[in-house]
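Colleague: Take this structure first; my questions come after.
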C-alpha cells in the first residue's frame, strides 16, 4: 500500500530534473590544500647555518632544535643550500672521525628544490617522494618564508582525511 502522500505519475507530467548533492567528481576530487595552509598551523620558523660553520655546530643545532635539516644561508639570508642528516651521514661514512671539523659548504646540497605557498600539497608530496628528499624550503617573491617536511605534509593530509571522515559520519547519522 502506497503512502497517502504518494501521487502516481499522470499523462502529461514532465520529467523532473534530477539533482544530486554529490557526484563522482566531488567525491573523488583531489585535495586543494596548499603549502600556505600548512604553514598557517606550523609556522614559518626556519633554522639556518652559514657555509663556513663547522659540521659540529650544525649537528648541535639539529640536535637542539630537534629537526632533520638546516638551510645554509649567506650573511644576507640568501639561500646557498641545505644540509640534512643524510648529507652528514654520507660524509661520516666517507671520512670517519674527520667530519665534525669540516665546513658545512663541503657537505651541503647546493641544488635545492623549493616550493611556493600557492603550491598544492599533493604536488609537493609527489615531488618529495620522487626526488627522495624530506625537506623543502618555501620561497615567496624570492624570500624564504618557511620550511616543510614530508612528515608535515602527510600529517596535514591525514588530519584533513580524518575531518572529512567525521563530517561524512555526522551527515549519515544526522
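The values are calculated or read from the model by the stated rules, or taken from the named source; none is laboratory data. Just so we're clear, the structure is a prediction, and the values are computed from it rather than from any experiment. Here Cβ is always computed from backbone atoms with ideal geometry, including for glycine, and neighbour counts include all displayed protein chains.
Colleague: Does residue 71 fit the bill of being touching a residue at least 60 places away in the same chain (Cβ under 8 Å) and in a strand (DSSP E or B)?
Modeller: yes
Colleague: Applying the selection to the range 92-127, what residues are touching a residue at least 60 places away in the same chain (Cβ under 8 Å), in a loop (DSSP other than H, G, I, E, B) and surrounded by fewer than 16 Cβ atoms within 10 Å (Cβ to Cβ)?
Modeller: Passing the criteria: 116, 118.
Colleague: With respect to the numbered conditions (1) surrounded by 14 or more Cβ atoms within 10 Å (Cβ to Cβ); (2) part of a loop (DSSP other than H, G, I, E, B), which one is the sole condition not fulfilled by residue 138?
Modeller: Going through the list (1) surrounded by 14 or more Cβ atoms within 10 Å (Cβ to Cβ); (2) part of a loop (DSSP other than H, G, I, E, B), residue 138 breaks only (2).
Colleague: From 59, 104, 72, which residue is over 29 Å from residue 158 (Cα atoms) and out of contact with any strand residue (DSSP E or B) (no Cβ under 7 Å at 6 or more places or on another chain)?
Modeller: Being over 29 Å from residue 158 (Cα atoms) and out of contact with any strand residue (DSSP E or B) (no Cβ under 7 Å at 6 or more places or on another chain) holds for just one of 59, 104, 72, which is 59.
Colleague: Further question: In this structure, does residue 77 turn out to be at pLDDT below 95 and surrounded by 11 or more Cβ atoms within 10 Å (Cβ to Cβ)?
Modeller: Yes: the conditions hold for residue 77.
Colleague: Looking for whichever is out of contact with any helix residue (DSSP H, G or I) (no Cβ under 6 Å at 6 or more places or on another chain), modelled with pLDDT of 95 or more and either buried (at least 16 other Cβ atoms within 10 Å of the Cβ) or outside any loop (DSSP other than H, G, I, E, B) (or both) here; the options are 61, 46. Which one fits?
Modeller: Exactly one of 61, 46 is out of contact with any helix residue (DSSP H, G or I) (no Cβ under 6 Å at 6 or more places or on another chain), modelled with pLDDT of 95 or more and either buried (at least 16 other Cβ atoms within 10 Å of the Cβ) or outside any loop (DSSP other than H, G, I, E, B) (or both), namely 61.
Colleague: Determine which single condition residue 152 fails, assuming it passes every other condition in (1) in a helix (DSSP H, G or I); (2) farther than 20 Å from residue 62 by Cβ.
Modeller: Among (1) in a helix (DSSP H, G or I); (2) farther than 20 Å from residue 62 by Cβ, residue 152 violates only (2).
Colleague: Within the range 128-138, work out how many residues are in contact with a strand residue (DSSP E or B) (Cβ under 7 Å, 6 or more places away or on another chain) and in contact (Cβ under 8 Å) with a residue 40 or more places away in the chain.
Modeller: 4
Colleague: Still on this model: Considering only residues that are in contact (Cβ under 8 Å) with a residue 12 or more places away in the chain and at positive phi, which ones fall in the range 139-160?
Modeller: Selection gives 146 alone.
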